[in-house]
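Just below is one structure, and these are the notes that go with it.
The values are calculated or read from the model by the stated rules, or taken from the named source; none is laboratory data. From a predicted model like this one, the values you see are computed outputs, not experimental measurements. Backbone-built Cβ (ideal geometry, glycine too); neighbour counts: all protein chains shown. Surface accessibility is based on the protein's heavy atoms, side chains included, excluding ligands, DNA and RNA. Shrake-Rupley method; radii C 1.70, N 1.55, O 1.52, S 1.80 Å.
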Amino acid sequence: MKRLGILLSGRGSNFEAIADNVAAGKINAEIAVVISNRPEARGLELARARGLNAVCIPSKGMEREAYDRLVVAELKKHQVDLVCLAGFMRLLSAYFVREFPLRILNIHPALLPSFPGLDAQHQALEHGVKITGCTVHFVDENLDSGPIIVQAAVPVLDDDTVETLSARILKEEHRIYTEAINIVLSGNFRIEGRRVLLTKP
Ligand code: GAR
């Protein structure tokens, strides 16, 4: 059984969706550990309530690579095969990325490469796009970069606020994260340049 490590910083709804799908047998893996860089993250409590290993490694005041060394050690301790960033609001060091080659995924609430970084839904509204969405991609050491595995589009409506748009995107995030995890766990893909191409089982 493959082992997932979930990294989060806050609410944890993507973690919950993954955990629900693991429990329902829709992801053929187990959650080995949930790690938060913020002690107050709701996601950490949710993980504990589910009886999962939930660890806080506070990042405040720490240098990036020194912090990442602690996180990588914790992931290795739990023999994690695939790392899923689920609202983990930190850039990973080159060291971290090298330790898990093509084994770190991130979800972003926009159609990358549009609107990377913080407040992607706000950025989309401000820009006036009519379609936005979400992206699951492999993580490299650059922000919201790395080959794209799955995307989903959602319309931007005239009366949208950041809240209503975010909720519409979030629903799709919960769906495509599982889809992307399953693609990566199956190994039925290859990468050509930046393109992730699905291969036959
Ligand atoms: C999600 O919308 C996720 O896409 C976003 O943070 C939210 C976390 O929600 N991530 C980023 O913006 C990363 N650049 P959650 O804690 O409920 O999963």
Right, L170: in contact with a Ser or Thr (Cβ under 9 Å, 6 or more places away or on another chain), touching a residue at least 40 places away in the same chain (Cβ under 8 Å) and open to solvent by less than 20 Å² (accessible area, probe 1.4 Å) or not? no
Matching entry among G51, G61, G12 (being out of contact with any Asp or Glu (no Cβ under 6 Å at 6 or more places or on another chain) and modelled with pLDDT under 95): G61
Give just the number: which of (1) open to solvent by 10 Å² or more (accessible area, probe 1.4 Å); (2) in contact (Cβ under 8 Å) with a residue 40 or more places away in the chain; (3) over 30 Å from V80 (Cα atoms) does V156 not satisfy? (2)
For the list (1) open to solvent by 40 Å² or more (accessible area, probe 1.4 Å); (2) at pLDDT 95 or above; (3) out of contact with any helix residue (DSSP H, G or I) (no Cβ under 9 Å at 6 or more places or on another chain); (4) not β-branched (V, I, T), I need the number of the one condition that K200 fails. (2)
Restricting to helices (runs of 4 or more DSSP H) lying wholly in the range 1-97: which have 3 or more residues that are within 13 Å of the ligand (Cβ to nearest atom) and over 21 Å from L143 (Cβ atoms)? 13-23, 42-49
So, in the range 98-131, exactly how many residues are within 12 Å of the ligand (Cβ to nearest atom), over 12 Å from the mean Cα position of the chain (by Cα) and among the polar types (S, T, N, Q)? 2
The range 101-123 - residue that is without any contact (Cβ under 8 Å) to a residue 24 or more places away in the chain and assigned to a helix (DSSP H, G or I) and, of those, least open to solvent (accessible area, probe 1.4 Å): A120
Checking A17 against (1) open to solvent by 10 Å² or more (accessible area, probe 1.4 Å); (2) without any contact (Cβ under 8 Å) to a residue 40 or more places away in the chain; (3) of a type in the set (A, V, I, L, M), which single condition isn't satisfied? (2)
Yes or no: the range 128-139 includes at least one residue that is in a helix (DSSP H, G or I), crowded, with 18+ Cβ neighbours inside 10 Å and among the hydroxyl-bearing types (S, T, Y). no
Residues of the range 75-93 being open to solvent by less than 50 Å² (accessible area, probe 1.4 Å) and over 18 Å from the mean Cα position of the chain (by Cα), in sequence order, are H78
